[in-house]
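*Asks:* Structure in structure tokens, see below.
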Amino acid sequence: MSDTPGFDTLQIHAGARPDPATGARQTPIYQTTAYVFRDADHAAALFNLQEVGFIYSRLTNPTVAVLQERMAALEGGVGAVCCSSGHAAQIMALFPLMEPGRNIVASTRLYGGTVTQFSQTIRRFGWKASFVDTEDLAAVEAAIDADTRAIFCESIANPGGYVTDIPALAEIADRHGIPLIVDNTSASPYLCRPIEMGATLVVHSLTKYLTGNGTVTGGAVIDSGKFDWSANDKFPSLSQPEPAYHGLKFHETFGNLAFTFHGIAVGLRDLGMTLNPQAAHYTLMGIETLSLRMARHVENARQIAAWLENHPAVEGVTYAGLPSSPWHDRVQRLYPRGAGALFTVALKGGYDACVKLVDGLELFSHVANLGDARSLIIHSASTTHRQLSPEQQVAAGAAPNVVRLSIGTEDAADLIADLSQALDRVAG
Ligand SMILES: *Cc1c(COP(=O)(O)O)cnc(C)c1O
């Protein structure tokens, strides 16, 4: 490969090479739990992290390792840790940064499950999240206190397709000596590269566009390698002797790979949120066509959003790729390849019309998922965002009168025909 291979080359080749044992061109599924040590010294060196290798598949697996390297390459990071789901990736990203009593500042515009994870479940660890509208940069700044250990946002935010001003948040995080974590699931690294805009860590649900066909549950945390964990005393797990790994100083020992090594040696070892090699294989297959699929997703979404915007039953469409969107300029500046394929549609007929639309569609699937080659629809307020309060639903862009569409890669004309017949039924 050239020194700076393009995205289309990386999505097929990064991290992979012909199998050293057999020459197999495609990455084999290493369906094994453990690996034979050469001898006792080799085993000890691996356990001491003096040599990098394979011990046990809860920690490392060759198929998963290829996916980790590919994700790091596509996001422009130095390393990545794959885990069992997108939600696992979020816990894995926070785990080295947090202690009881610490908090994060999170965007209000997040995947419904993330709002629940951050507002309820992480409290059991003694962590807390303050939710702030990231359009109000002064409010973001005001929410940061001495115990804040990260800012968390989505690039293209679920469900409304809102596009976040990542450089503005990165600047605030920088000024306060804390990392910016960006969930890049809905954009994929093809449409958005948060690290280039100043993010420290990127998290993904591999479940969505990266695999791209609704077969896998998986996640990843990608480290930019750019954060100085020793610049202040806020991140003792990375800068000070780590008691969970016999006093090893991760930052001093591994430099810009400290976060990645900690994620594997402590995070996967003790939290056990491991991605299995079969899932890594499906995800690698999906990633090979990521750029081709994303371009088509975006093209279809543009056409369908524009058609819906002019439909008499429709009150509004949130797609940031529409010229009428308040975020249109931001899309041109930060997301030049497009604003993704996820948006909400508000119907004049309110809640009842939304339910009728969902039930009347034939080609669209009614599922709680996004980022599939198939077009999907869901009424967020009664499903994915059901655990949220009415105020949280509105803040998240999931009010009762909206449905969320995840536009697939089918023929746009067929998708429009399906929406057209279902909207006629809503009116009738
Ligand atoms: C799906 C999703 C998640 C959670 O991922 P899982 O793989 O389902 O755990 C997190 N963030 C966003 C933006 C998502 O779409």
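*Asks:* Identify, by number, the condition in (1) aliphatic (A, V, I, L, M); (2) surrounded by fewer than 22 Cβ atoms within 10 Å (Cβ to Cβ); (3) in a loop (DSSP other than H, G, I, E, B); (4) within 25 Å of the chain's Cα centre (by Cα) that L370 doesn't meet.
*Replies:* That leaves (2) as the condition not met.
*Asks:* Next question. Of the residues E69, E75, which is crowded, with 19+ Cβ neighbours inside 10 Å, charged (D, E, K, R) and in contact (Cβ under 8 Å) with a residue 24 or more places away in the chain?
*Replies:* The conditions single out E75.
*Asks:* List every residue pair whose Cβ atoms sit under 6 Å apart, with the two residues 6 or more apart in sequence or on different chains, where the first one lies in the stretch 296-307 and is more than 12 Å from F343 (Cβ to Cβ) and the second, anywhere, is surrounded by 20 or more Cβ atoms within 10 Å (Cβ to Cβ).
*Replies:* R296/T409
*Asks:* Could you list, in sequence order, all residues of the stretch 11-49 that are small (G, A, S), assigned to a loop (DSSP other than H, G, I, E, B) and open to solvent by 50 Å² or more (accessible area, probe 1.4 Å)? Working first, answer last.
*Replies:* Filtering the stretch 11-49 down to residues small (G, A, S) leaves 14-16, 21, 23-24, 34, 40, 43-45.
Adding the requirement that they be assigned to a loop (DSSP other than H, G, I, E, B) leaves 14-16, 21, 23-24.
Matches in the stretch 11-49: A21 only.
*Asks:* Okay, moving on. Conditions first: (1) of a type in the set (A, V, I, L, M, F, W, C); (2) open to solvent by 30 Å² or more (accessible area, probe 1.4 Å); (3) away from the ligand (no atom under 16 Å from the Cβ); (4) at pLDDT 95 or above. V52 passes all but one, so which condition is the exception?
*Replies:* The failed condition is (4).
*Asks:* A further question follows. Look through the stretch 355-409, keep the residues that are within 16 Å of the ligand (Cβ to nearest atom) and of a type in the set (D, E, K, R), and return whichever of them is nearest to Q120 (Cα to Cα).
*Replies:* R386
*Asks:* Give the residues of the stretch 212-223 that are buried (at least 24 other Cβ atoms within 10 Å of the Cβ) and assigned to a loop (DSSP other than H, G, I, E, B), sorted by residue number.
*Replies:* G212, G218
*Asks:* If I filter the stretch 344-388 down to residues being of a type outside the set (A, V, I, L, M, F, W, C) and in contact with a Lys or Arg (Cβ under 6 Å, 6 or more places away or on another chain), which single residue comes out as farthest from Y190 (Cα to Cα)?
*Replies:* Only one residue tops the list, namely G360.
*Asks:* Let me ask something else. Condition test on D183, is it acidic (D, E) and more than 16 Å from the chain's Cα centre (by Cα)?
*Replies:* Working: acidic (D, E): yes; more than 16 Å from the chain's Cα centre (by Cα): no.
No; evaluated as a whole, the condition is false for this residue.
*Asks:* Same structure again: Taking the stretch 287-316 only, how many residues are hydroxyl-bearing (S, T, Y) and open to solvent by 30 Å² or more (accessible area, probe 1.4 Å)?
*Replies:* 1
*Asks:* Could you please find all residues in the stretch 72-82 being under 11 Å from T260 (Cβ atoms) and assigned to a helix (DSSP H, G or I)?
*Replies:* Of everything in the stretch 72-82, just one residue is under 11 Å from T260 (Cβ atoms) and assigned to a helix (DSSP H, G or I), namely A72.
*Asks:* Consider the stretch 183-209. How many of its residues are part of a loop (DSSP other than H, G, I, E, B) and within 10 Å of the ligand (Cβ to nearest atom)?
*Replies:* Adding up the residues that qualify gives 8.
*Asks:* Considering each residue of the stretch 120-138, count those that are part of a helix (DSSP H, G or I) and closer than 18 Å to Y162 by Cα, and give that number.
*Replies:* Total satisfying the criteria: 1.
The values are calculated or read from the model by the stated rules, or taken from the named source; none is laboratory data. Just so it is clear, the structure is predicted and the values come from calculations on it, not from any experiment. Backbone-built Cβ (ideal geometry, glycine too); neighbour counts: all protein chains shown. For accessibility, only protein heavy atoms count, side chains too; no ligands or nucleic acids. Shrake-Rupley method; radii C 1.70, N 1.55, O 1.52, S 1.80 Å.
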